[in-house]
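Peer 1: Handing you a structure now.
Quick note: the coordinates plus some simple rules give every number you see, no bench work behind them. All values reported here derive from a predicted model rather than from experimental measurement. Neighbour counts are summed over all protein chains in view; Cβ atoms, including those assigned to glycine, are modelled from backbone coordinates with ideal geometry.
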Amino acid sequence: MCLSDCCVILYFSPFIWAGPVGEDMFHWQATIMGPSDSPFTGGLFLVNIHFPPDYPFKPPKVSFRTKVFHPNINSNGSICLDILKEQWSPALTISKVLLSICSLLTDPNPDDPLVPEIAHMYKTDRAKYESTARSWTQKYAMG
């Protein structure tokens, strides 16, 4: 059976869904709706997921395709999240990974930033951080 014979979009929550790109089971795309309790509310964020050949013993490579103003996500879409690096476990599912990314949108970790300038703004001027994040969401994730 080939992938085109069945539905392969997986719904992990009403706000997250994912599935393979074409027939490549090692390359998925996910869509995350911006959490309502964050400056990303209303945005749709596209995320690339690349599974290594030795998955689940190695973590997937996950990155945002949509630009995000966030201390733990850089301009290339790379994500600073412990479970995608040293805290990876084969017991983690892609659902848990995507839910953790969604949680990171709501609760950034400014003490382990990929973008120190944004982390500094988050710590010292939260209103400016939230305003800028909302602006980026409107510009890049709502069009």
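Peer 1: Could you count how many residues in the stretch 65-83 are under 11 Å from the mean Cα position of the chain (by Cα), without any contact (Cβ under 8 Å) to a residue 60 or more places away in the chain and surrounded by fewer than 20 Cβ atoms within 10 Å (Cβ to Cβ)?
Peer 2: Total satisfying the criteria: 4.
Peer 1: Looking for something of a type in the set (A, V, I, L, M), over 27 Å from residue 14 (Cβ atoms) and surrounded by 14 or more Cβ atoms within 10 Å (Cβ to Cβ) - is there at least one such residue anywhere in the stretch 87-108?
Peer 2: First, the residues of the stretch 87-108 that are of a type in the set (A, V, I, L, M): 91-92, 94, 97-99, 101, 104-105.
Next, from what is left, pick out any that are over 27 Å from residue 14 (Cβ atoms): none.
No: zero hits.
Peer 1: Further question: Check whether at least one residue in the stretch 118-133 is in contact with a helix residue (DSSP H, G or I) (Cβ under 9 Å, 6 or more places away or on another chain), free of Cβ contacts under 8 Å to residues at least 12 places away in the same chain and exposed (fewer than 13 other Cβ atoms within 10 Å of the Cβ), and report yes or no.
Peer 2: Yes; the residues of the stretch 118-133 include at least one that is in contact with a helix residue (DSSP H, G or I) (Cβ under 9 Å, 6 or more places away or on another chain), free of Cβ contacts under 8 Å to residues at least 12 places away in the same chain and exposed (fewer than 13 other Cβ atoms within 10 Å of the Cβ).
Peer 1: Cβ-Cβ distance below 9 Å, separation of 6 or more or different chains: which pairs start in the stretch 25-45 with a residue that is surrounded by 14 or more Cβ atoms within 10 Å (Cβ to Cβ) and end on one that is of a type in the set (D, E, K, R) and in a loop (DSSP other than H, G, I, E, B)?
Peer 2: Partner pairs satisfying both residue conditions: 29/65; 38/107; 45/65.
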